[in-house]
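Taking it in order: structure first as structure tokens, then the write-up.
The values are calculated or read from the model by the stated rules, or taken from the named source; none is laboratory data. Just so you know, these numbers come straight off a predicted model, no measurement behind them. Reconstructed Cβ throughout: ideal geometry from the backbone, glycine too, with neighbour counts over all protein chains shown. Just the protein is used for accessible areas: all its heavy atoms, side chains included, with ligands, DNA and RNA removed. Shrake-Rupley method; radii C 1.70, N 1.55, O 1.52, S 1.80 Å.
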Amino acid sequence: MVLYFIFFFISGFCSVLYELVWLRLSMAQFGVTTAMVSIVLSVFMAGLGLGSWASGAWIRGRAETIRFPARLYAAIELLIGASGILAPYELRLGHNILQRLGSTSSAEYYLVSGIWVALTLIPWCALMGATIPVGMLAIGRVFPTESSRSFSFLYTANVAGAVVGTVLPLFLIELLGFHGTLRVGAACNVAIAILAVAVSRRAVRSVVAKTPQTASEPAPTAIGGVPLLAVLFTTGLTSMGMEVVWIRQFTPYVGPIVYAFASILAIYLTATFVGSSFYRRWSTRGEHESPAVWSLLALSGLFPLIAANPNFDLFWEARLLLGIAPFTGLLGFLTPMLVDRWSGGNPGRAGKAYAVNVLGCILGPLLAGFVLLPWISERWSLLLLSLPWLAIGVRPMLRAGSPAGFAPRVASYLLLPLALGLFLTSNDYERQYGKTGEVLRDSTATVIASGNGMRKRLLVNGNGMTSLTPITKMMAHLPLAFLDRPPQDALVVCFGMGTTFRSLHSWGIPVTAVELVPSVPRLFGYFHRDAPEILSSPLAHVVIDDGRRYLERTTQQYDAITVDPPPPVEAAGSSLLYSEDFYSVVRRRLRPGGVLQQWIPYGDPEDLAAVALALRQSFPFVRVFTSEEGWGFHFLASDRALPNRTANELARRLPARAAADFVEWGPQSSAEGQFDSILRNETTLDQLIAGSPETPALSDNRPINEYFQLRLRLRRLERYRQGHYQ
């Protein structure tokens, strides 16, 4: 049994590793959009469910004829290992096919890319889902006394491995990149296959004289009158739906970096593992769970209302533990219990039950992300997702003559007033801005505009995006003034408050802005009084899309493209707007002599060196200027030498409206003074690269800025050593 635990521990680790990397590779190929993320995650879960159901059904009719289930398991793991090598090439092929199609229609693009992602990932994910029924069959042959609880055994091992899968791949990606990390996963699958073959040989010798047996099929049962499969579906629906809500709720406290999201997933899976482990020990007693556990589950589903309340001063770790761990820990106990109870160790029935649970896992994020959160707050979304458990939790109170004991009935009576109290005393993060600002919601984010005058702020999921600063005006006027000709048009990637878009528009040329979050441009008028006039102009065009995806789909070329990725520089997904791969797309969309303006806030030396090297390897001519407020850098890149103009020459190239816009917020009183302040702070790519000469260029495969924990810890260790020896 220990070896099977190890097999499924490693398998769980690999499955999360693949999910994380495949998601990022799909985003790089097809766009960082909510729809694409949902497609990838839904396809992943659909493959797991399909594989579990198909494998269980196949075994159900052939269990007596499958002589060596461990060898079948080994073959499946070997095929899964192949996915670590082949899947990236399949995704890249789909990207190339879409480019050749030349489609500019979002609907057509989503349809074709979604079909391709499904064709690529579902077969591999189905193999992952097929492992549990096959593993159950193998355990039933060698350890028949454990067969009735074999699903929970493998489930617990799988979840334990998944916990490690939320952490270790982050360090592997930092060291090896995405493709190297996939090769590590593939090697682990191959190792499992080799060991499983060895186990099969030993098992054949030990049970050769035994007649294969299959577990008996238990009668279907129900929980509180609700069919057991319906309860399993609901556990998947509510847990994954709540995970989407949790990410929206806790992002203001943990930040938008990959390590923050990994922390949420790690606590989710760790609590699930603890609950599953407790069930494994508890189930040996042969007892039936108390009805009070369902009341507790309903109540714990509302704990995030306390944990995410901004009125409480808590460390972010405490918020996550209080808000996530109780609910997921209880589900970790209940989910394997329900599958064991339904299947009784029969692989076919277990495969069906697990597939039903996975179906709920597919629909939960779609319900939360596209139906609930765009229209109602996180508080109401949690309440609605908790309603099924509230209904089950109060059944002992409602059923006359219920045999439930004293404690369950007390829990049932207290459930509704406690839940109501949690809901009424809770407070959403955005409520602190509601009286003086505006709050908008969509499937991507909760967007807040607040403040007055020059202190206005834009927050996306609680994170400050930008402010009213002359830096964003410089992003528009600097590249256009450096052009060797009058500009015809311009593109801005990332809308923000709309300042750069507005400044580009002051040149009297067609301007396109691409923004990922639909609600952000809708707040343009909050920050700028002339927003309605600008948006009504035939020269202004706002596109809701991933900026990189737009550049790959459009055939239009521009004289200037200005890019201002959302802060912080470590933000998840931001590397896709700093990478060599992105700059190769930008070059195709710039006219000869066109200029790219790339702004980057201050990062660590590795971040700056990686971006500088990526630009050097993408453009023959690059100039770098420190921002006038001393925070961040403006990179200007082109396929032609940028003119060595003086501040006066640059200022004379501005139309009258553009010059007035440029000095609107200072800090200098003239356009010449503004340009002079930036020209006096020019630096070089060599200086930035020298800060970390060993760092490779930032690429889609090596997102240096997003994965930084190892170098951060090594830097702290080096400082400690220096201080210790001094």
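Observations on the structure shown:
- Total residues in the range 1-27, condition of a type in the set (A, V, I, L, M), more than 12 Å from the chain's Cα centre (by Cα) and open to solvent by less than 10 Å² (accessible area, probe 1.4 Å): 1
- Selection within the range 406-440 - more than 18 Å from TRP389 (Cβ to Cβ) and not in a helix (DSSP H, G or I): ASN427, ASP428, TYR429, GLU430, LYS435, THR436, GLY437, GLU438, VAL439, LEU440
- Filter pass, SER377 being among the small types (Gly, Ala, Ser) and either farther than 23 Å from PHE250 by Cα or modelled with pLDDT of 90 or more (or both): no
- Between ASN648, ASN701, the distinction of being in contact (Cβ under 8 Å) with a residue 40 or more places away in the chain, among the polar types (S, T, N, Q) and not in a strand (DSSP E or B) belongs to ASN701 only.
- Applying the criterion of being part of a loop (DSSP other than H, G, I, E, B) and open to solvent by 30 Å² or more (accessible area, probe 1.4 Å) to the residues of the range 283-307, the residue that is modelled with the highest pLDDT is PHE303.
- Here SER277, SER263, SER239 are screened, and the one residue that is hydroxyl-bearing (Ser, Thr, Tyr) and more than 23 Å from TYR354 (Cβ to Cβ) is SER263.
- Neighbours by Cβ (under 6 Å, 6+ apart or cross-chain): first from the range 43-71, over 21 Å from PRO123 (Cβ atoms) and at pLDDT below 90; second in a loop (DSSP other than H, G, I, E, B) and open to solvent by 40 Å² or more (accessible area, probe 1.4 Å): ALA63/THR214; GLU64/PRO212
- Residue match in the range 458-468 (condition: open to solvent by 10 Å² or more (accessible area, probe 1.4 Å) and closer than 24 Å to ARG589 by Cα): no
- Applying a threshold of 7 Å to beta carbon distances and a minimum spacing of six or more residues, or different chains, the list of pairs starting in the range 150-178 at a residue that is among the polar types (S, T, N, Q) and ending at one that is open to solvent by 30 Å² or more (accessible area, probe 1.4 Å) reads SER152/ARG280; THR156/PHE273; THR156/ARG280; THR166/LEU265.
- Some residue of the range 101-109 being open to solvent by 50 Å² or more (accessible area, probe 1.4 Å) and modelled with pLDDT of 95 or more: no
- The single condition among (1) under 30 Å from LEU576 (Cα atoms); (2) open to solvent by less than 30 Å² (accessible area, probe 1.4 Å); (3) among the hydrophobic types (A, V, I, L, M, F, W, C) that ALA46 does not satisfy is (2).
- Residue satisfying all of: in the range 622-645; among the small types (Gly, Ala, Ser) and assigned to a strand (DSSP E or B); surrounded by the most Cβ atoms within 10 Å (Cβ to Cβ) among these: ALA637
- Of everything listed in (1) of a type in the set (D, E, K, R); (2) in a loop (DSSP other than H, G, I, E, B); (3) surrounded by 17 or more Cβ atoms within 10 Å (Cβ to Cβ), the single unmet condition for ASP676 is (2).
- Exclusive hit being open to solvent by less than 80 Å² (accessible area, probe 1.4 Å) and of a type in the set (Asp, Glu), set GLU706, GLU694, GLU664: GLU706
- The criterion of being more than 21 Å from ARG549 (Cα to Cα), out of contact with any helix residue (DSSP H, G or I) (no Cβ under 6 Å at 6 or more places or on another chain), surrounded by 24 or more Cβ atoms within 10 Å (Cβ to Cβ) and of a type outside the set (Ser, Thr, Tyr) holds for LEU480.
- Selection over the range 260-308 of residues that are β-branched (Val, Ile, Thr) and touching a Ser or Thr at 6+ places or on another chain (Cβ under 6 Å) gives a count of 1.
- The sole residue among ILE80, ILE97 that is modelled with pLDDT of 85 or more, surrounded by 23 or more Cβ atoms within 10 Å (Cβ to Cβ) and closer than 23 Å to SER26 by Cβ is ILE80.
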